[in-house]
Amino acid sequence: MHGMRGLSVTLGAAAIAISSIAMAQEPARPNLLLREIVQGMPHGEQQEVRILTATIQPGQATQFHTHRFPVAVYVLEGAFTLEMEGREPVTIRAGGAMVEPPSVRMTGYNRSVDPMQVVIFYVSDPGTPFLDPTH
């Protein structure tokens, strides 16, 4: 009987070890959404990082503008249509991202029937305006 008891203890310990391995989770890892080589980033010793949100109502548009440095946009809800001078319009849907180039005249639209929400990431020289209105 003593041999069976030892086998039970060994099997019990193995079951605990296997279940704790199965319960161990992989470390959290980010998902790559967008990877793009850009030109025109600031070169100074210091940079200002801004993270902004914007909600654009159905039929609403931004003013025509340019940015002095690249702008990264992530669409949380809805669909964002960007018209850039000299380029075809681009529509990014919820969960998508894009980089807006610097020094290009542009405007963004919400052409859907639902509000559209974006998160905007902007790295610039300190004190640089987020956008420069154009006509």
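In this structure, does residue 81 turn out to be polar (S, T, N, Q) and over 21 Å from residue 33 (Cβ atoms)?
No: the conditions fail for residue 81.
Taking the conditions exactly as written (more than 30 Å from residue 113 (Cβ to Cβ), aliphatic (A, V, I, L, M), surrounded by fewer than 10 Cβ atoms within 10 Å (Cβ to Cβ) and at pLDDT 90 or above), does residue 37 satisfy them or not?
yes
State whether the residues of the range 79-94 include one that is buried (at least 16 other Cβ atoms within 10 Å of the Cβ), among the hydroxyl-bearing types (Ser, Thr, Tyr), more than 20 Å from the chain's Cα centre (by Cα) and closer than 25 Å to residue 129 by Cβ.
no
Quick one: in the range 40-50, which of the residues that are touching a residue at least 60 places away in the same chain (Cβ under 8 Å) and outside any strand (DSSP E or B) is farthest from the chain's Cα centre (by Cα)?
Per the criteria, the residue is 44.
Results for (1) outside any loop (DSSP other than H, G, I, E, B); (2) at pLDDT 95 or above; (3) in contact with a helix residue (DSSP H, G or I) (Cβ under 8 Å, 6 or more places away or on another chain); (4) not hydrophobic (A, V, I, L, M, F, W, C), shown as yes or no for each residue.
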| position | (1), (2), (3), (4) |
| --- | --- |
| 52 | yes, yes, no, no |
| 63 | no, yes, no, yes |
| 69 | no, yes, no, no |
| 73 | yes, yes, no, no |
| 91 | yes, yes, no, yes |
| 103 | no, yes, no, yes |
| 130 | no, yes, no, no |
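Out of 22, 17, I need the residue that is surrounded by 10 or more Cβ atoms within 10 Å (Cβ to Cβ), modelled with pLDDT under 65 and assigned to a helix (DSSP H, G or I). Which one?
Testing whether each residue is surrounded by 10 or more Cβ atoms within 10 Å (Cβ to Cβ), modelled with pLDDT under 65 and assigned to a helix (DSSP H, G or I) leaves just 17.
Just wondering, is there one or more residues in the range 107-126 that are among the charged types (D, E, K, R), at pLDDT 95 or above and not in a loop (DSSP other than H, G, I, E, B)?
no
The values are calculated or read from the model by the stated rules, or taken from the named source; none is laboratory data. Everything numeric in this text was worked out from a predicted model, so none of it was measured. Heads up, the Cβs are rebuilt from the backbone with ideal geometry, glycines too, and the neighbour counts pull from every protein chain shown.
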